[in-house]
Amino acid sequence: MSEFDEYIRQGEQGPKEKALAWQTAIGLQDVDGLKPSEYLLDTAKRHIEGDITIDEVKGLLDSYYKSKEGRLLSDKERTEEADKVSARITELLQENTFAFNPLEYKRIHKRLFEGIFKFAGQYRTYNISKQEWVLNGASVLYNPFENLAETLEYDFEQERKYNYNAASTDQSIAHIAAFTAGLWQIHPFGEGNTRTTAVFLIKYLRSFGFAVSNDLFAAHSWYFRNALVRANYTNREKGIAPDISFLEMFLRNLVLGEQHELRNRDLHVDAQSENENNSKCKNCTLNCTLEELAVLQFIKDNPKATQEMIAKHINRSQRTVKSMTIRLTEKGLLVRKNGKRDGWWETVNLV
Ligand SMILES: Nc1ncnc2c1ncn2[C@@H]1O[C@H](COP(=O)(O)OP(=O)(O)OP(=O)(O)O)[C@@H](O)[C@H]1O
Ligand SMILES: [Mg+2]
């Protein structure tokens, strides 16, 4: 079965023709014993789905095969890098350690790219720009290299000051999105910033008590990166303002379990905004903080959880958990069934 059969069966005229063309092209290569890379297959699918034009396919492939120094990388080298780093992401996420500071961010980069990039765990010493498909080839303005450390320190300090206990889940998600977008815009490393941001963000969200993994990031890595691009790009001449809504949608899927469609083509600066907005809002009307939501989700999965277990899960004292469960009960979001000793918890209205 070919990679593109699905499109040929399901597609309308356009996608079907494109899928057939790709199948033929790849089939022809196969005759010579050449196998397409995962990246090509992925890019071909984007083309078939109408995300990108064939010129953009060519542009993407060109930049994909060029390293930062302009050296051509073989597909094997690329795949090897991506595979090794994926394994390291998994490894890092199995370790239950986290510190909310720039050193941790650096440490993650070092762990992910040691032996792969010479500059693993070191800030860049030159300015960078990167052409983006979603920006018609323009680049985000990245932080100048001279003050990377100070800017990182400042962003962490600001985020540390924010009181999540006084914010609704909506406000909290918006705040985490803004912090993440700011962190990514600094781009302190020559390469590998997006993956470092993803791992850091996962660990940060886990510190709130959310059981998040890398799956959504890996499956939508292009979307995640493009959402960060759009959150940081301004072009006054063309009337394009930074748009954080894509990143918020991603986070809402991740944290609140909503099901927004994450389509790359919507992220293009020329995309028509479809205002039907697929906001399948699930837990956004719950009157609670982000940490309380994490507790509710944990309780939903573990109805027999003791206060001790919950406290351990969110890294708080049992006293804090106790007042939290009382508050959630008062708000009508949590019910204790069958008494204190042999009872269990039931969440109300949690999807
Ligand atoms: N969270 C992730 N998990 C696994 N693979 C990822 C993840 N994010 C990105 N990738 C893969 O890593 C490769 C490089 O991704 P990309 O260039 O977008 O980001 P980066 O190198 O981490 O950051 P940047 O280029 O912005 O400094 C791609 O093959 C991409 O699919
Ligand atoms: Mg990269």
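Summary of computed values
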{"read-out": "Exposure proxy ranking, count of Cβ atoms within 10 Å, fewest first, for Glu80, Glu292", "value": "Glu80, Glu292"}
{"read-out": "4 °C / 1.567 mPa s Stokes-Einstein diffusion coefficient of the chain, Kirkwood radius on C-alpha pairs, µm²/s", "value": "57"}
{"read-out": "Most mobile of Val335, Val255, Val85 in a GNM of the chain (Cα contacts under 10 Å)", "value": "Val335"}
{"read-out": "Those aspartates and glutamates that a straight Cα-Cα span of less than 19 Å connects to Lys130, excepting residues fewer than 8 apart in one chain", "value": "Asp55, Glu56, Asp62, Glu69, Glu146, Glu191, Asp243, Asp270"}
{"read-out": "Label-point gap, in nm, between Glu95 and Asp5 - each point 7 angstrom along Cα→Cβ", "value": "4.3"}
{"read-out": "Violating pairs (Cα-Cα greater than 20 angstrom) within the set Lys110/Lys203; Lys161/Lys331; Lys203/Lys312; Lys106/Lys203", "value": "Lys161/Lys331"}
{"read-out": "Between the stretch 204-221 and the stretch 237-273, the Cα center-to-center distance that results, in Å", "value": "18"}
{"read-out": "Rounded, prolate or oblate (a/c below 1.5 giving rounded, otherwise prolate when a/b exceeds b/c) for the stretch 290-347 by Cα gyration tensor", "value": "rounded"}
{"read-out": "Test item: Cα-centred dipole of the stretch 75-267, Lys/Arg +1 and Asp/Glu -1 on Cβ, debye", "value": "160"}
{"read-out": "Prolate/oblate/rounded label for the stretch 109-265 (Cα gyration tensor, a/c 1.5)", "value": "rounded"}
{"read-out": "Pairwise label distance in nanometres, Ile116 with Ser86, each label 7 Å out on the Cα-Cβ vector", "value": "1.1"}
{"read-out": "Order of Thr329, Thr24 under a 10 Å beta carbon neighbour criterion, fewest first", "value": "Thr24, Thr329"}
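Bear in mind these aren't lab numbers, they're just calculated from the coordinates by the rules spelled out. Being a predicted model, the structure only gives us computed values, none of them experimental. Note that each Cβ is placed from the backbone with ideal geometry, even for glycine, and that neighbours are counted across all protein chains shown.
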